[in-house]
Amino acid sequence: MRIATWNVNSVVARLPRLVEWLEQAAPDVVCLQETKVGDDAFPCEAVKPLGYEVEHLGEGRWNGVALLSRAGFADVDRGLPGDPGFPDQATAEARTLAATCGQVRVRSVYVPNGRTPDDPHYAYKLRWLAALREAVAQDSAGSTPFALMGDFNIAPTDADVWDPAAFAGSTHVTKAERDQLAELLATGLSDVTPRIAKGNPFTYWDYRGGNFHKGMGMRIDLVLANAALTERISDAWIDREARKGKGPSDHAPVVVDLSR
DNA sequence: ATGCCTTTCCCAGAAAGA
């Protein structure tokens, strides 16, 4: 079984690249982030011929997460209990959904960006991560193979950014964010580090300034696996080819192969 | 150099991304 996660930065703008990638990579289950469409506008018909059913939690212009599955769906869980919302609890955003697809349970996540450490959005990011931890604890500790996959907007270590000095005072690398990631892992998950391609471990490169070609990226798209899933992993890598060429997302997919 | 690109709203330029 092959599972994957990809922040597509608009599923509508990325549709030709998404379909091409699904045909080539042929994953069984895919977690998508930043679909940027409402539920009625998700292009389900474009992926159905490839064998995929779709579960989507969208809100329109921003955010939006989806699951594509060739292994069916059960126990679909939309959104986050206790979601702090932004700017307040009345306005929860479309940032996570989970489902069981055949033998594995997956949860697609799009963690809030945080903007800057002194921005209210940063405090929201930390609160949202705490709520996420509550939501995944049971799956993390369970005997069903489970993967929490998506755009975490956190670089786990300084080796996961192209230049730690360039991120001084920025979000994505602060101790509080990394502490939240550690708390998430402490529920029973491990960070599945993909094979290194071309000397760096990155999954995201800013569109500006030719950053991709200069190797100026970050590893912020993660697969966090529980023990039952970890023992089935046969391979994991970052599909850099999807970041090349015409009209790419600024993120590359992370792909994980399971032995059964 | 607080920018550099891309997307959405929808037709002008702001907001957001990270």
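The values are calculated or read from the model by the stated rules, or taken from the named source; none is laboratory data. These numbers were taken from a predicted model, which means no experiment stands behind them. Here the Cβ is made from the backbone with ideal geometry for all residues, glycine too, and neighbour counts use every protein chain on show.
A:Arg105 passes every criterion in (1) in a loop (DSSP other than H, G, I, E, B); (2) in contact with a helix residue (DSSP H, G or I) (Cβ under 6 Å, 6 or more places away or on another chain); (3) not polar (S, T, N, Q) apart from (1). Screening A:Asp119 with (1) on the phi > 0 side of the Ramachandran plot; (2) within 13 Å of DNA strand B (Cβ to nearest atom); (3) surrounded by fewer than 19 Cβ atoms within 10 Å (Cβ to Cβ); (4) not small (Gly, Ala, Ser) gives one miss only, at (1).
Exactly one residue among A:Ala92, A:Ala99 is in a strand (DSSP E or B) and either modelled with pLDDT under 95 or within 28 Å of A:Glu177 (Cβ to Cβ) (or both), and that residue is A:Ala99. Among the residues of the range A:219-232, those identified as over 16 Å from A:Pro248 (Cβ atoms) and either more than 9 Å from DNA strand B (Cβ to nearest atom) or part of a strand (DSSP E or B) (or both) are A:Arg219, A:Leu222, A:Val223, A:Leu224, A:Ala225, A:Asn226, A:Ala227, A:Ala228, A:Leu229, A:Thr230, A:Glu231, A:Arg232.
Of the listed requirements (1) touching a Phe, Trp or Tyr at 6+ places or on another chain (Cβ under 9 Å); (2) small (Gly, Ala, Ser); (3) within 30 Å of A:Arg260 (Cβ to Cβ), A:Ala25 misses just one: (1). Of all the residues in the range A:160-193, those that are among the aliphatic types (A, V, I, L, M), part of a helix (DSSP H, G or I), within 28 Å of A:Phe146 (Cβ to Cβ) and out of contact with any strand residue (DSSP E or B) (no Cβ under 9 Å at 6 or more places or on another chain) number 2.
Per-residue answers, yes or no, for (1) crowded, with 18+ Cβ neighbours inside 10 Å; (2) in contact (Cβ under 8 Å) with a residue 12 or more places away in the chain; (3) within 16 Å of DNA strand B (Cβ to nearest atom); (4) among the hydrophobic types (A, V, I, L, M, F, W, C):
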site	(1), (2), (3), (4)
A:Val47	yes, yes, no, yes
A:Glu59	yes, yes, yes, no
A:Val65	yes, yes, yes, yes
A:Pro81	no, yes, no, no
A:Thr91	no, no, yes, no
A:Val109	yes, yes, yes, yes
A:Gly142	no, yes, no, no
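When the range A:218-243 is limited to residues that are under 17 Å from A:Ala155 (Cβ atoms) and in contact with a Gly (Cβ under 8 Å, 6 or more places away or on another chain), the one that is surrounded by the most Cβ atoms within 10 Å (Cβ to Cβ) turns out to be A:Leu222.
Could you list, in sequence order, all residues of the range A:183-217 that are away from DNA strand B (no atom under 16 Å from the Cβ) and surrounded by fewer than 11 Cβ atoms within 10 Å (Cβ to Cβ)? First the steps, then the outcome.
Of all residues in the range A:183-217, those away from DNA strand B (no atom under 16 Å from the Cβ) come to A:183-199.
Of everything in the range A:183-217, those that are away from DNA strand B (no atom under 16 Å from the Cβ) and surrounded by fewer than 11 Cβ atoms within 10 Å (Cβ to Cβ) turn out to be A:Arg195, A:Lys198, A:Gly199.
Of the residues making up the range A:239-260, those that are away from DNA strand B (no atom under 15 Å from the Cβ), among the aliphatic types (A, V, I, L, M) and under 13 Å from A:Thr5 (Cα atoms) are A:Val255, A:Val256. When A:Ala131 is tested against the conditions (1) out of contact with any Asp or Glu (no Cβ under 7 Å at 6 or more places or on another chain); (2) in a helix (DSSP H, G or I); (3) more than 21 Å from A:Glu55 (Cα to Cα); (4) in contact (Cβ under 8 Å) with a residue 12 or more places away in the chain, the lone failure is (1).
In the range A:9-17, the condition of being within 27 Å of A:Thr230 (Cα to Cα) and either within 16 Å of DNA strand B (Cβ to nearest atom) or in a loop (DSSP other than H, G, I, E, B) (or both) is met by no residue.
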